[in-house]
Amino acid sequence: VQGRQLAFSDRRVIYAARNFVPVAAQRGDSRYSGLFQQLGIGPHAGYRGVFITPDGAKLGESAALEDPARLAPEIAMAFRSYRAQFYKDELKAKFGDPNATVQETRDVLRKVAQMVVEQADGDVLAILDRPGLPTELRVAAYQALADLGTSAAVERLVEDAAGPDAATARLAGQALASAPVGAAEFLLDRLDDDNAAIRLAAYRAITRICEVPQPKSDNFWTNAKEKRAAEELRRVRGLAEQCMTVWKRDYAPYR
Amino acid sequence: GIAWPRNVEQAIAEAKKTQRPILLLVEG
């Protein structure tokens, strides 16, 4: 029991299980004998975690309840399988629905963000290119891109954060700053971009995403000597890389 | 750690409402 408690206190397991509704039941509880039978759980089955869709279909199961290093990837794999099906069955058609209301589209974008449906980054980018896009949807689309943190999503956010329209740039920059640590990987190269606005947007975002202490103000980049600017970029790169190492080890595999 | 409510019907209702999958801990 102690091993199980420890596994379910492990940050990898907690992170992998964040999108599941958790519930426990005794194998011998007669109220659930029909459910157990439907899930193929025999009368002598030991402790296990069973992954189920909201409709009651079994996604998989794990008996590795005392070993977080095995349990976390098994939970993540079950979720990825659910998410891929959910995107195909529920979300994909809604992106293409010309009659969808603003609220319906916003709800789909929120679902994409919440479930980290990386497959949908192209659909979200297409929404941003709609003519006359309401600000409410622009905000939701930017937030979805930030939460996905894919290469294409980050690319669009940094371009818009450095764009000529101040209001749009602010919205994109705010969303980008809330991206997961993995997004920083796609921003590091932009610190050396030919375009000063891109460099600044990338710097601002990386320092926020990786919680770099004492970031320089925008004025610093206008006035700093080349040597000091290079030192600052070296410092930020080093801290960002440390932060990404932890992310790649403890979180990225369980997204 | 993760809290484990024990009401399966409520968990199914919650999963349907939020379109999230369920992690059922079966205690042998």
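Residue-by-condition table, conditions (1) surrounded by fewer than 18 Cβ atoms within 10 Å (Cβ to Cβ); (2) of a type outside the set (A, V, I, L, M, F, W, C); (3) under 29 Å from A:Tyr251 (Cα atoms):
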residue	(1), (2), (3)
A:Arg106	no, yes, yes
A:Asp121	no, yes, yes
A:Leu133	yes, no, no
A:Arg138	no, yes, yes
A:Ala141	no, no, yes
A:Glu155	yes, yes, yes
A:Ala166	yes, no, no
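Filtering segment A:78-89 to residues that are closer than 13 Å to A:Arg18 by Cα and either free of Cβ contacts under 8 Å to residues at least 24 places away in the same chain or over 16 Å from the mean Cα position of the chain (by Cα) (or both) leaves A:Ala78, A:Arg80. Residue-level check: of (1) more than 13 Å from the chain's Cα centre (by Cα); (2) closer than 20 Å to A:Asp165 by Cβ, A:Arg106 misses just (2).
Scan segment A:15-43 for residues that are part of a helix (DSSP H, G or I) and either surrounded by fewer than 17 Cβ atoms within 10 Å (Cβ to Cβ) or touching a Gly at 6+ places or on another chain (Cβ under 7 Å) (or both) and the total you get is 6. Number of residues in segment A:89-103 that are closer than 17 Å to B:Thr18 by Cα and either surrounded by fewer than 15 Cβ atoms within 10 Å (Cβ to Cβ) or among the small types (Gly, Ala, Ser) (or both): the value is 3.
Taking segment A:50-75 as the range and being small (Gly, Ala, Ser) and either surrounded by fewer than 20 Cβ atoms within 10 Å (Cβ to Cβ) or in contact with a strand residue (DSSP E or B) (Cβ under 6 Å, 6 or more places away or on another chain) (or both) as the test, the residues that pass are A:Gly56, A:Ala57, A:Gly60, A:Ser62, A:Ala63, A:Ala64, A:Ala69.
Scanning segment A:9-30 for residues that are over 18 Å from B:Glu14 (Cβ atoms), within 14 Å of the chain's Cα centre (by Cα) and facing another protein chain (nearest Cβ under 7 Å) gives no hits.
Within segment A:72-93, the residues that satisfy the criterion of being more than 12 Å from chain B (Cβ to nearest Cβ) and over 21 Å from A:Ser62 (Cα atoms) are A:Lys88, A:Lys92, A:Ala93. Regarding A:Ala76, is this residue of a type in the set (Gly, Ala, Ser) and touching a Phe, Trp or Tyr at 6+ places or on another chain (Cβ under 8 Å)? Here the answer is yes, as A:Ala76 does meet what is asked. For segment A:182-198, taking the residues that are among the small types (Gly, Ala, Ser) and closer than 24 Å to A:Ala113 by Cβ, the one that is surrounded by the fewest Cβ atoms within 10 Å (Cβ to Cβ) is identified as A:Gly182. On inspection, A:Ala179 passes the criterion of being crowded, with 19+ Cβ neighbours inside 10 Å and under 26 Å from A:Val117 (Cβ atoms). Pairs are defined by a Cβ separation below 6 Å, a sequence spacing of at least 6 or placement on different chains, a first member in segment B:10-28 that is within 7 Å of chain A (Cβ to nearest Cβ), and a second member that is among the charged types (D, E, K, R); the pairs so defined are B:Val26/A:Arg27; B:Val26/A:Arg48; B:Gly28/A:Arg27. For the condition over 25 Å from A:Asp147 (Cα atoms), over 25 Å from the mean Cα position of the chain (by Cα), within 12 Å of chain B (Cβ to nearest Cβ) and part of a loop (DSSP other than H, G, I, E, B), A:Gly46 qualifies. In summary, A:Glu66 fulfils each of the numbered conditions (1) over 25 Å from A:Lys248 (Cα atoms); (2) assigned to a loop (DSSP other than H, G, I, E, B); (3) touching a helix residue (DSSP H, G or I) at 6+ places or on another chain (Cβ under 7 Å) with the single exception of condition (1). Tell me whether segment A:55-74 contains one or more residues that are under 23 Å from B:Lys17 (Cβ atoms) and under 21 Å from the mean Cα position of the chain (by Cα). Checking segment A:55-74: not a single residue is under 23 Å from B:Lys17 (Cβ atoms) and under 21 Å from the mean Cα position of the chain (by Cα).
Each value in this text was obtained by applying a stated rule to the coordinates, not by laboratory testing. All figures in this text were calculated on a predicted structure; none of them were measured in a lab. FYI the Cβ positions are ideal-geometry reconstructions off the backbone, even for glycines, and counts take in every protein chain you see.
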